[in-house]
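Single-structure report; data block below.
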Amino acid sequence: MSNSAKITFPAEWDDDERMDFMFSDFKENRDVNTTDWDSKMDFWTALIVKSCRDRGTVCVSLQELNKTLKRKEKSPLGLATVIQSMARSGKIQRESEFAANVDCGWLSWGVGLLLVKPLKWTFSAILGSSRVPLEESFVIIELVKEKAAELLRVYRSSEFSSCSIVSFQDLCTLSSDICADESTLCMALLQLQRDKQVMVSLHEGEKIVKFCLPGQERVSPVSDVDIGIYQLQRSEKLLGERVEKLGLEADKCKDEARILLREGKKSQALRCLRGRKRVEKRVDNLFAKLESIREILDRIAQSQSDKMVMQAYQAGVAALRLSLKDVTVERAESLVDQIQELCDTQDEVNQTISSGVTVAGESFYEDMDELEEELKSLLNESKPDSISGLPAVPAKNLQPSAEPILSSLPDVPQRPLNISAEQLEEELNRLTLTDSGLHFQFSSLSNLNPAQ
């Protein structure tokens, strides 16, 4: 039966002219028109992968593709060429080849899912021939990797995540939403075993799957301890289901006794109550066994935690021993002494440098003082002892004949001058000598305001 109703075809699927070209066979020689050849090959390759993804499967055969990709009662003529091209590029692989590349323990499953008849064939038998067997099943590598990753994610988020080993039947139930059938689940498990994420084996005729624990890079082989834990977990589950079933049976006996008592059938009601007591006693016994199993599982989990802690301690001790390999108390004391000696040397150097700078500074200031003294002596030497060329200072008071000189002077202020002794001293220093005699510059004095 065709599954085309479950596939979403591209928009060009309704273009008759375009589809006539796509449904035609490939030219024998690609070099005749590489563009048309490649466009047709890309179209069918993408559509094959998409059709399988839409249907939730990872395997496909030429016979199935002829039905799935049929359009207007016509099947594509070049699908065999597309299959060969995908096989050459590694996008698909025969189911038997895919299974043969994994641990041969898988082949003991049988169940008709993994075909072993074509295992002796080589891929060259297909690649070198234009004929692809219609029933030959091929695995699409891209899709099987997607399914494997999704299956691992579902397991780790389920109630079985605390169990390293899960039965195949429980795994079928768990993966019913992501794997379309049992064959798809097997392909996903094959890929996970390829990636060293699961280990599949048989225990007393039952297929079991061991998953890689979080934090581990690869799964370890199934050991006797794993089998023992798995059996305890199975016993816990079965006992729990049995206890629950007996509890319902005890409640049923109680309800029947109540009904019989209302109907006046006291003896029958007593028999129901006695049956209820027997059931409750069995429940108590089973519950005690269940608690014992749970205690054992708790102890195992605790021992595994203790083992991890011990391994962590051992790793820490080894790392610490390695880091302290060349470290001793004597060497540490020697290093401390050397550091102290170097610090003392540095302090002495700093003190020497500081004292040298101080002496140089004092010498500098002494030189400056000497220069200042020399400068003052030069200034004193430059001052004349007497003013040559000037008339002698008269011994008597000035006569009225000196009136023209006095008339050039400013008027004597009538009020006290608002001037300090320092300003007067400065003004006196500004006297200048001229060829005709002393000339007083009282320009600044004339601008002074009298004190109010």
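The values are calculated or read from the model by the stated rules, or taken from the named source; none is laboratory data. Computed from a predicted structure; not experimentally measured. For neighbour counting, all protein chains shown are included, and Cβ atoms are generated from backbone atoms with ideal geometry for every residue, glycine included.
What the table shows:
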read-out	value
Residue count, the stretch 11-20 (criterion: within 15 Å of LEU69 (Cβ to Cβ) and not charged (D, E, K, R))	2
Filter pass, GLY264 being at positive phi and exposed (fewer than 14 other Cβ atoms within 10 Å of the Cβ)	yes
Test result for GLN231, among the polar types (S, T, N, Q), farther than 30 Å from VAL139 by Cα and either under 39 Å from the mean Cα position of the chain (by Cα) or assigned to a helix (DSSP H, G or I) (or both)	yes
Selection count where residues are under 42 Å from the mean Cα position of the chain (by Cα) and in a helix (DSSP H, G or I), scope the stretch 320-333	7
Test result for ASP181, surrounded by fewer than 18 Cβ atoms within 10 Å (Cβ to Cβ), under 31 Å from the mean Cα position of the chain (by Cα), assigned by TED's automatic domain parsing to the domain that holds SER61 and of a type in the set (Asp, Glu)	no
Matching option when the condition is surrounded by 12 or more Cβ atoms within 10 Å (Cβ to Cβ) and either charged (D, E, K, R) or assigned to a helix (DSSP H, G or I) (or both), among VAL283, VAL317, VAL336	VAL283
Neighbours by Cβ (under 7 Å, 6+ apart or cross-chain): first from the stretch 292-318, closer than 14 Å to ILE229 by Cα and modelled with pLDDT of 75 or more; second assigned to a helix (DSSP H, G or I) and small (Gly, Ala, Ser)	ILE293/SER235
Residue within the stretch 191-204 that is out of contact with any strand residue (DSSP E or B) (no Cβ under 6 Å at 6 or more places or on another chain), modelled with pLDDT of 85 or more and under 17 Å from ARG94 (Cβ atoms) present	yes
Complete set of residues in the stretch 147-168 that are part of a helix (DSSP H, G or I) and free of Cβ contacts under 8 Å to residues at least 24 places away in the same chain	ALA149, ARG153, GLU159, PHE160, SER161, SER162
Enumeration of residues in the stretch 5-39 that are loosely packed, with under 10 Cβ neighbours inside 10 Å and outside any helix (DSSP H, G or I)	THR8, GLU28, ASN29
Verdict on ALA125 being modelled with pLDDT under 85, small (Gly, Ala, Ser) and either in a helix (DSSP H, G or I) or closer than 30 Å to VAL209 by Cα (or both)	yes
The stretch 200-227: number of residues that are without any contact (Cβ under 8 Å) to a residue 40 or more places away in the chain and assigned to a strand (DSSP E or B)	2
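For every residue, the table says whether it meets (1) buried (at least 18 other Cβ atoms within 10 Å of the Cβ); (2) in contact with a Leu (Cβ under 6 Å, 6 or more places away or on another chain).
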residue	(1), (2)
ASP42	no, no
THR45	no, no
CYS52	yes, yes
CYS59	yes, no
LYS67	no, no
THR81	yes, no
MET86	yes, no
SER96	yes, yes
